[in-house]
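Visitor: Quick one: this structure, given as structure tokens, is what I'll be asking you about.
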Amino acid sequence: MREAANLISLSGARPPTFDQAQNRRQKARAAGMNPDYWYAVEWEKNVKPGQTVEVVFWKQSIALFRGQDGRLAAIENRCAHRQLKLTGGQVNGCNLTCPYHGWQYDATGRCVHIPHELFGNKFPEFKLRDYPVKTKYGLVWIFPGDPELAEERKIPEIPELEGADPWGLIPIDATWKCHHSMILDNVSDFTHAYLHRRSKPFHDAKLTRLEVKGDTVEVDYNTVVGGGRISGLFVDRKNTNTDHIELAYEYPYQRSNTDSRIKHWCFVLPIDEQTSRAIFLFYFSKDMLKIPGLPFKVPMSFARKVVFPIAKKVLVAPLIGEDKLAVEAEQEGYNRHFEKPIAELNPAVHEFQQLTIRKWEEHLAKQART
């Protein structure tokens with residue numbers, strides 16, 4: 001009952017759809033994400049041979065599975081027969097089997113086996129949609145849009161996480177009860193330092209640059225990064241400029257860079273208008289870590305085994321948890337007060353929302369032409 005009530009405004013109306021929206025904020029909060037990009041949907045380690053996982057991209061349920069040969073595949077999560085979710089079934093060899101009548105589908109979505117003779121040899125005509133799949137940085141990526149664009153579009157390049165000596169990594173993964181645009185606004189808008197006033201991951205932010213370059217909004221802030229009581233002890237400020245940060249909403253992804261020594265990417269998976277999954281990759285150069293109170297660097301091998309796991313539990317996860325609680329509360333507030341005037345003072349947020357709207361309008365226009 002509480003969730004249903006949260007979808008109703010004080011006037012008794014529900015938040016408008018994209019076509020009904022009357023202003024920028026309403027459009028941004030109703031827009032989907034353009035499917036013609038690669039989206040991180042799961043950690044590769046979570047899909048072992050013989051396993052299947054349901055992932056959802058903007059209300060499309062997709063069955064992600066790995067055959068016994070180790071190859072990943074993604075197809076529509078429904079049996080063509082009675083529409084049951086195939087993720088309720090099992091993997092047989094390299095095929096996904098429906099739990100109801102045992103119909104089997106291969107990696108291309110084609111029905112290849114029906115375990116009874118009633119339908120004769122008609123089963124080859126049943127074909128589900130399949131999706132291009134790739135793996136990179138320990139993540140499984142799916143291309144939910146036009147498959148002809150899959151090779152043209154690129155997964156973000158993160159050279160620091162490749163090679164024989166990659167940077168230290170802290171991954172964070174959470175499902176948020178909010179629209180994806182709220183997450184993207186949050187992680188690029190550094191005017192919410194009050195929310196993190198205890199840990200102080202950043203403070204005293206001043207917007208110094210705002211520039212739109214095609215499908216990217218670039219933002220610079222002069223701010224103190226990593227100035228908390230604990231995190232500040234490990235940052236080598238003599239060799240790392242932590243007074244400035246560069247951020248970008250590089251549609252549909254978000255990234256940041258502090259002196260080319262502290263970086264992150266945020267990959268958002270839109271599930272529906274009120275639910276999103278956010279996968280963060282925070283990564284750190286060995287040059288920016290020091291032993292507290294001593295003029296020595298922290299060895300990266302030690303940092304990976306000890307420092308980063310502790311930092312994830314004690315610092316980073318609680319920090320993202322604060323953002324999650326705030327943004328979910330923002331979603332509840334929007335559901336109740338979407339008719340109120342816009343009171344947004346950060347010009348960068350205006351541009352984030354305009355980009356979200358424009359890319360969704362491009363998708364809708366493409367759909368209308370086909």
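The values are calculated or read from the model by the stated rules, or taken from the named source; none is laboratory data. Bear in mind that the values here come from a model prediction, so they are computed numbers and not experimental data. Using ideal geometry, Cβ is built from the backbone for each residue, glycine included, and neighbour counts are taken over all protein chains shown.
Visitor: From the list 351, 361, 330, 339, which residue is exposed (fewer than 15 other Cβ atoms within 10 Å of the Cβ) and not in a loop (DSSP other than H, G, I, E, B)?
Guide: Working: 351 fails: exposed (fewer than 15 other Cβ atoms within 10 Å of the Cβ); 330 fails: exposed (fewer than 15 other Cβ atoms within 10 Å of the Cβ); 339 fails: not in a loop (DSSP other than H, G, I, E, B).
Matching residue, one of 351, 361, 330, 339: 361.
Visitor: Still on this structure, please answer the following. Out of everything in the stretch 195-211 that is among the hydrophobic types (A, V, I, L, M, F, W, C) and closer than 22 Å to residue 358 by Cβ, what residue ends up being modelled with the highest pLDDT? First the steps, then the outcome.
Guide: Restricting attention to the stretch 195-211, the residues satisfying the condition of being among the hydrophobic types (A, V, I, L, M, F, W, C) are 195, 202, 205, 207, 210.
Filter again for closer than 22 Å to residue 358 by Cβ, leaving 207, 210.
On the way: 207: 94, 210: 97.
Residue satisfying both the conditions and the ranking: 210.
Visitor: Out of the stretch 281-309, which residues are modelled with pLDDT of 80 or more and assigned to a strand (DSSP E or B)?
Guide: 281, 282, 283, 284
Visitor: Okay, moving on. For the subset of the stretch 249-258 comprising residues that are crowded, with 19+ Cβ neighbours inside 10 Å and either among the acidic types (Asp, Glu) or in a strand (DSSP E or B) (or both), which member is modelled with the lowest pLDDT? Talk me through it step by step, then tell me what you get.
Guide: If we filter the stretch 249-258 for residues that are crowded, with 19+ Cβ neighbours inside 10 Å, which is where we start, we get 249, 251-256, 258.
Checking which are either among the acidic types (Asp, Glu) or in a strand (DSSP E or B) (or both) leaves us with 249, 253-256, 258.
On the way: 249: 97, 253: 98, 254: 97, 255: 97, 256: 95, 258: 92.
Looking at residues that are crowded, with 19+ Cβ neighbours inside 10 Å and either among the acidic types (Asp, Glu) or in a strand (DSSP E or B) (or both), I get 258.
Visitor: Does the stretch 67-104 hold any residues that are touching a Lys or Arg at 6+ places or on another chain (Cβ under 8 Å), under 19 Å from residue 42 (Cα atoms) and not small (Gly, Ala, Ser), and which are they?
Guide: Answer for the stretch 67-104, where residues must be touching a Lys or Arg at 6+ places or on another chain (Cβ under 8 Å), under 19 Å from residue 42 (Cα atoms) and not small (Gly, Ala, Ser): 72, 75, 76, 77, 85, 86, 91.
Visitor: Checking residue 272 against (1) of a type outside the set (A, V, I, L, M); (2) at pLDDT below 95; (3) over 28 Å from residue 240 (Cα atoms), which single condition isn't satisfied?
Guide: (2)
Visitor: Based on what the data block shows, is residue 136 at pLDDT below 95, more than 11 Å from residue 73 (Cβ to Cβ) and surrounded by fewer than 19 Cβ atoms within 10 Å (Cβ to Cβ)?
Guide: Values: at pLDDT below 95: no; more than 11 Å from residue 73 (Cβ to Cβ): yes; surrounded by fewer than 19 Cβ atoms within 10 Å (Cβ to Cβ): yes.
In short, no.
Visitor: Can you name the condition, by its number, that residue 260 falls short on among (1) without any contact (Cβ under 8 Å) to a residue 60 or more places away in the chain; (2) out of contact with any Lys or Arg (no Cβ under 7 Å at 6 or more places or on another chain); (3) under 27 Å from residue 29 (Cα atoms)?
Guide: (3)
Yes/no per residue for (1) out of contact with any helix residue (DSSP H, G or I) (no Cβ under 6 Å at 6 or more places or on another chain); (2) modelled with pLDDT under 95; (3) surrounded by 19 or more Cβ atoms within 10 Å (Cβ to Cβ):
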| residue | (1), (2), (3) |
| --- | --- |
| 213 | yes, no, no |
| 217 | no, no, yes |
| 223 | yes, yes, yes |
| 241 | yes, yes, no |
| 261 | no, yes, yes |
| 268 | no, no, yes |
| 277 | yes, no, yes |
